[in-house]
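Below is one structure, written out as structure tokens; the observations come after it.
The values are calculated or read from the model by the stated rules, or taken from the named source; none is laboratory data. Quick caveat, the model's predicted, so the values are computed rather than measured. Cβ sites come from the backbone with ideal geometry, for glycine too, and all protein chains shown count toward neighbours.
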Amino acid sequence: MKTIDTTSPILSARGVQHSFGPTEALRGIDLDVHPGEVLAVMGPSGSGKSTLLHCLAGILAPGRGTVSYASRAKAPVNISGLGEAERSSLRLTDFGFVFQFGQLLPELTALDNVSLPLLLGGTKRSEALHRSADLLARLGLDGFSGKLPGELSGGQAQRVAIARALVTSPAVLFADEPTGSLDSLAAENVLTLMLDLVREAGTTVVMITHDARTAAYADREVVVRDGRLSAGHRVAA
Ligand code: ADP
């Protein structure tokens, strides 16, 4: 099992609460995520996992509480206190996202989908294409750069989505049921490739999963129940 620096968290949630109208989705979450760890977030459907991920990633500003983010390169920021535009820019530069259904742009090729976050961040097109092609190759997709998402299998499309999420070398990868739409063989394949890349790069991962086999790939798991964290425990990497 690898050693994780537990002294200075990269993400730290304190007293995070969030409601959607009358629904209290999060009822006071305290959570530290450590640099380089792969954290699995488990729990029943509707327990608040996605809302927590959205608060940690600055997609949502929580109704109460704070989320702070400390990357190696910059001073800590209170994400929950940032405006929408600042959160959006932080997401682009520092975070990567993979969702259950890859959410690739259907009219763009695999290569163009992967290049997009780099181009949005101002990378030169030739360099963006080069880095994207490299990453697709690492994910076993060298022959598929020119394919549209509709021409790919579910597992191939998720690998493209993972390449798109990692091409900017994010400090944190947020994954919401990244293999939830795949059969178990494809899921294991996609997960293994994803974790090889993040462990090599030292990327921190926050991954929602309802599947204990998927969670077993993580360094640690926490369980969300009814908007609260119940005891998590370390699991073998
Ligand atoms: P999980 O990811 O564990 O399935 P969610 O975080 O998606 O749980 O949802 C937690 C609770 O908040 C649920 O009761 C859900 O119905 C509610 N909820 C989530 N998003 C919204 C929303 N945009 N509008 C209204 N209610 C929501």
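Residue 108 passes all but one of (1) buried (at least 18 other Cβ atoms within 10 Å of the Cβ); (2) modelled with pLDDT of 95 or more; (3) among the aliphatic types (A, V, I, L, M); which number fails?
Here residue 108 meets the rest and fails (1).
Is it the case that some residue within region 131-145 is within 30 Å of residue 61 (Cα to Cα), surrounded by 14 or more Cβ atoms within 10 Å (Cβ to Cβ) and out of contact with any His (no Cβ under 8 Å at 6 or more places or on another chain)?
no
Would it be correct to say that residue 131 is within 19 Å of the chain's Cα centre (by Cα), more than 16 Å from the ligand (Cβ to nearest atom) and not hydrophobic (A, V, I, L, M, F, W, C)?
no
Being on the phi > 0 side of the Ramachandran plot, of a type outside the set (A, V, I, L, M, F, W, C), within 16 Å of the ligand (Cβ to nearest atom) and at pLDDT 90 or above: is that true of residue 63 here?
Considered against the rule, which asks whether it is on the phi > 0 side of the Ramachandran plot, of a type outside the set (A, V, I, L, M, F, W, C), within 16 Å of the ligand (Cβ to nearest atom) and at pLDDT 90 or above, residue 63 comes out as no.
Specify which of the listed residues (46, 21, 36) is surrounded by fewer than 21 Cβ atoms within 10 Å (Cβ to Cβ) and closer than 16 Å to residue 223 by Cβ.
46
Being at pLDDT 95 or above and closer than 20 Å to residue 199 by Cβ is the filter here, so list the residues in region 222-237 that pass it.
Correct list: 222 only.
Out of 203, 168, 179, 214, which single residue is touching a Pro at 6+ places or on another chain (Cβ under 6 Å) and either over 17 Å from residue 51 (Cα atoms) or surrounded by fewer than 22 Cβ atoms within 10 Å (Cβ to Cβ) (or both)?
That would be 168, the only listed residue that is touching a Pro at 6+ places or on another chain (Cβ under 6 Å) and either over 17 Å from residue 51 (Cα atoms) or surrounded by fewer than 22 Cβ atoms within 10 Å (Cβ to Cβ) (or both).
Take region 95-131 and flag every residue that is among the β-branched types (Val, Ile, Thr) and without any contact (Cβ under 8 Å) to a residue 24 or more places away in the chain.
Listed by number, the list holds a single entry, 123.
Does at least one position in region 203-220 carry a residue that is under 8 Å from residue 40 (Cβ atoms), in contact (Cβ under 8 Å) with a residue 40 or more places away in the chain and charged (D, E, K, R)?
Scanning region 203-220, I find at least one residue that is under 8 Å from residue 40 (Cβ atoms), in contact (Cβ under 8 Å) with a residue 40 or more places away in the chain and charged (D, E, K, R), so the answer is yes.
Of everything in region 65-93, what is under 19 Å from the mean Cα position of the chain (by Cα) and among the small types (Gly, Ala, Ser)? Give them in sequence order.
68, 70, 71, 80, 88, 89
Got a sec? Which of 209, 192 is surrounded by fewer than 17 Cβ atoms within 10 Å (Cβ to Cβ) and of a type in the set (Val, Ile, Thr)?
192
Rundown of residues vs (1) in a loop (DSSP other than H, G, I, E, B); (2) touching a residue at least 12 places away in the same chain (Cβ under 8 Å); (3) within 20 Å of residue 195 (Cα to Cα); (4) within 15 Å of the ligand (Cβ to nearest atom), yes/no style:
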site: 19; (1), (2), (3), (4): no, yes, no, yes
site: 51; (1), (2), (3), (4): no, yes, no, yes
site: 59; (1), (2), (3), (4): yes, yes, no, yes
site: 85; (1), (2), (3), (4): no, no, no, no
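In region 167-188, which residue that is in a strand (DSSP E or B) and within 16 Å of the ligand (Cβ to nearest atom) is farthest from the chain's Cα centre (by Cα)?
176
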